[in-house]
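Structure record follows, encoded as structure tokens.
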Amino acid sequence: MSVNNPLKSCCVKKEVFYASLEEKFSSIQSYEKSFYYCQIEYEVAPNKIFNSKTRQLLENIFHKVLSMHLLADKDLFTIDGNKFLILSFLQDEKKVMDIINHLAISVYNKFKDNIYINYSYIRYPFETADYSEVPYLLERKKTTYQINDSLKYTFSQEDEDESFFNKNENDLFEAIHTLLQRLKLHDKYLLKHSLAVAQCVIYFSQELSLPKIGQKNLIIASLIHDVGYLNLNFDRENTGKLTPEEWMQIKCHPYIATNIILPPFPVFNDCLDIIKDHHEYIDGSGYPLGKKSTDISIYSQVLSISDTYTAVREDRPHRRALRFDEIIDIFIKSAGIKWNENLVTMFLATIADTEFRHKINDPNFDAITQFIDNIIQY
């Protein structure tokens, strides 16, 4: 950073800040990599004196800490005098937390409880692909820093206004039921598809003789694997070609599910990794992280295979349902590329059985009903 105080040189009106966002993210290149926006602000405790000398000392602390972490003045904007937005394309969440921790602890060491720090950060475009929503989301996620509990490497969102269910809910059945109801309200196709995938997973995992606890986690994951779509705000029934922004949002839905919607609810902890990787492929061509080979568990691959099979045999606005021979061709061509070759071979042998296919295609979802009824003892 330059030797000038960035808190003065970068103090701008909100209109200038928004114009900068628009300039940065108006091109398709802005979707190639994800990064973090970070907002930090200070507040004076009630009934505490805050004079020009105190302000200067505080600004010196901000200048010293931020100059250690940011590359240039343009990486920082000051809004309303006490609010700072970092736009340095930080791609490492740990780096973001290091900045917040360092700054908050430095302020506390100087001012104790007389001044406290609020912070928030979001990952773009995973949490929003619309730059105009950034200031709103940062304000909504604002949290007061607790000096006795430095931030750990974890990502979660608390949304008290739009919470899907009570955060103290520990009943697995009720949690699943509530999410499925939310899916139904958001998009009836999503609910139907999720139930169909779960039906396929139940029978396929039994054929594979997976461990009982593994089957349970996999089935639960299959029921809620698409909840990340709940945070997307475009019409998935649109028959037209997806825009780059819409495609990026779709690619973010496993991340949204496992890092925003589900983490506050411990009942789903054992399912997160399965859901997170259900669009990853062993050749590295999947999303959202491009994982490869053994980094993708057999459970995620079973979910992915079942998800694909269910999707391609359904009519959609942009394409017809595929014939059985076309579906077989897709899996043969994807063996050893998208999914483990032996796993694909097992699946093809399984769906070759007409009775098995009838079970999977059964719209009554009897296997799901039985699973839900016995979910605690499963």
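Any read-out appearing in this document is the output of simple, stated calculations on the displayed coordinates, not a laboratory observation. It should be emphasised that the depicted structure is a prediction, and the values quoted were computed from it without experimental measurement. When we count neighbours, we look across all protein chains shown, and the Cβ atoms used for this are built from the backbone with ideal geometry, even at glycine.
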(message) With the cut-off at 20 Å, tell me which of the pairs Lys53/Lys142; Lys94/Lys141; Lys95/Lys251; Lys48/Lys141 have Cα atoms farther apart than that.
(response) Lys53/Lys142; Lys95/Lys251; Lys48/Lys141
(request) Take the Cα of Lys95, step 7 Å along the line toward its Cβ, and report every residue of region 35-62 whose backbone nitrogen sits under 19 Å from that point. (result) 35-40
(message) Under the 0.36 nm per residue contour assumption, what length would be gained going from the current alpha-carbon distance of Ala335 and Leu242 to full extension?
(response) 30.7 nm
(request) Taking H placed 1.01 Å from N in the peptide plane, check which residues at least 5 places from Arg316 or on another chain put their amide H under 5 Å from its amide H. (result) Ala321
(request) Would you kindly calculate the mean projected area, averaged across all directions, of the convex hull enclosing the Cα atoms of region 220-365, in square nanometres? (result) 9.4 nm²
